[in-house]
Structures are given as C-alpha cells and as structure tokens.
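Notes follow the structure.
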Amino acid sequence: MAYDNWWQKGINGDQEMEDSHKEAWENVISLLNPNDVENKQILDFGCNQGGFLRVLYDQLPYQSAYGIDLAKKAIAVANERVGDYPITYRATGDALALEQSFDTVISTSVLYLIEDLAAHFQMIAQVLKEEGTYYASFADQSQNPSFDYMEAQINQYGATKMQNKTLTEVVNQLLAQDFSVELIKEYTDSIYDVTNYQEFYRSVDDYILSLDSSYLIKAKKRRKGK
C-alpha cells in the first residue's frame with residue numbers, strides 16, 4: 001500500500017530521517033565488497049528520498065541503479081535530486097514490476113518493517129542475477145528491554161508497523177530461498193555516541209545493546225546446482 005511519506009513526525013519527517021541515517025549509510029558502505037557494487041547494476045529496496053544511492057555512487061561508482069519505495073512524495077524528492085546520477089527512482093514496493101535483474105540488492109533499515117519475510121526474500125531472489133548478493137542491515141530487537149517503547153514510537157509515526165523478528169528467523173528465511181548467508185558486525189567502534197538515545201530507548205544500556213545486536217547481512221544467491 002503506497003503512502004506519501006514514511007516518517008510522519010514533524011513537518012519534514014522523511015528529510016529528518018534521511019539526515020539521521022547518513023552516518024549509518026557510511027558505515028554500511030564501508031562494509032560492502034566493492035566488487036559487488038562497482039560497475040554493477042544495483043537495486044536499493046526502500047530507498048525513501050534516494051540519498052543512499054547517491055552517496056554510494058560517489059564512493060563506489062556503479063553502472064546503473066534503481067531505487068524503489070512506497071512513499072510517493074519521498075520518491076518525488078528523489079527524482080528532483082537525481083541530477084546526472086545513473087539512477088531511476090520508482091514509487092513501488094514490487095521489485096518484479098521493474099522487469100530488471102540486478103547484481104546486488106541493498107536495503108538499509110528496512111527488514112524490521114517487513115511482515116512477510118518469505119515473500120520478500122523470494123522476490124529478491126527472483127530479481128537477483130545468478131550468484132548476486134543481497135545486503136540488508138538488521139538489528140535483532142526481540143530481547144531488547146526497550147522493544148515496546150521503540151515499537152510504540154515507530155508505529156505512531158511510521159507509515160508501516162514495526163515487526164518483532166529475530167535474527168534467526170531472518171537467516172532461516174534466507175536459507176529457505178537457497179541463499180548462503182554471512183553476518184557482518186555493523187558497529188565495531190569503541191566509542192558510542194549516546195546523545196540521542198532517548199528517541200527510541202529507555203536507557204543507554206538498551207541503546208548499546210541494539211548497536212551490539214546490529215548486523216549487515218550478506219546473502220548470496222547460490223548458483224543453480226550447487
């Protein structure tokens with residue numbers, strides 16, 4: 001179901017969300033294998049205003065990319081900002097509708113909003129080329145003492161509801177679609193900036209637990225017959 005903007009807090013929620021995600025984008029990019037991006041065809045699933053693909057291209061130039069999202073106004077902003085980047089933005093959540101295949105699919109801070117992971121991973125497998133790669137950031141919040149508080153905030157202001165998925169559930173659903181799966185620790189810095197922890201967490205400890213439970217999932221589509 002399409003909507004205008006995903007983050008509906010304040011007068012410019014999606015822009016504020018984009019600004020708050022920029023540091024995380026840089027971290028994700030640092031963990032990507034450049035061989036999976038450079039000169040390749042890329043899909044950003046859940047791109048919102050499209051900023052990640054532009055930052056990615058500046059650091060690891062790819063051949064071409066699509067960014068898709070259900071937020072119609074966010075996609076309009078993405079198209080206003082695309083400039084000369086080799087990116088096409090579409091307001092859809094259906095990757096199959098693009099009628100394209102991709103070397104690499106990336107999603108950042110999206111999996112925790114997807115109710116039917118089996119259907120999602122099946123779709124991703126269908127648009128990936130043989131031995132293509134799906135990178136997805138994910139934090140297992142199921143055992144976090146602040147889960148209820150976080151869920152209430154996201155469900156109040158987000159256009160889609162937060163799902164309570166475990167890391168094991170996510171990995172098992174990927175394995176069921178015949179992906180091989182690696183987990184890359186997303187946060188390894190010894191310094192934690194806790195200035196804004198209260199936005200989604202009741203305590204600093206809960207915020208740190210969330211960071212320590214965050215992974216960049218690298219799922220590789222296996223070659224048929226392997």
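Residues in the stretch 12-28 include none that are out of contact with any helix residue (DSSP H, G or I) (no Cβ under 9 Å at 6 or more places or on another chain), in a loop (DSSP other than H, G, I, E, B) and surrounded by 14 or more Cβ atoms within 10 Å (Cβ to Cβ). Comparison of ASP140, ASP189, ASP178 shows that the only residue that is loosely packed, with under 12 Cβ neighbours inside 10 Å and either β-branched (Val, Ile, Thr) or closer than 21 Å to LEU216 by Cβ (or both) is ASP189. All of ALA65, ALA95 fail the test of being closer than 17 Å to LYS129 by Cα, of a type outside the set (Ser, Thr, Tyr), without any contact (Cβ under 8 Å) to a residue 40 or more places away in the chain and in contact with a helix residue (DSSP H, G or I) (Cβ under 6 Å, 6 or more places away or on another chain), apart from ALA65. Would you be able to say whether some residue in the stretch 155-173 is part of a helix (DSSP H, G or I), modelled with pLDDT of 95 or more, under 18 Å from GLU18 (Cβ atoms) and over 17 Å from the mean Cα position of the chain (by Cα)? No, that holds for no residue.
Screening the stretch 175-226 for residues that are in a loop (DSSP other than H, G, I, E, B) and of a type in the set (Gly, Ala, Ser) and picking the one that is modelled with the lowest pLDDT gives GLY225. Annotation: of all residues in the stretch 144-171 being closer than 16 Å to TYR197 by Cβ and in contact (Cβ under 8 Å) with a residue 60 or more places away in the chain, the one that is surrounded by the fewest Cβ atoms within 10 Å (Cβ to Cβ) is PRO145.
The values are calculated or read from the model by the stated rules, or taken from the named source; none is laboratory data. The shown structure was predicted, so the numbers you read here are calculated from the model rather than taken from an experiment. Glycine also receives a Cβ, built like all others from the backbone with ideal geometry; neighbour counts cover every protein chain displayed.
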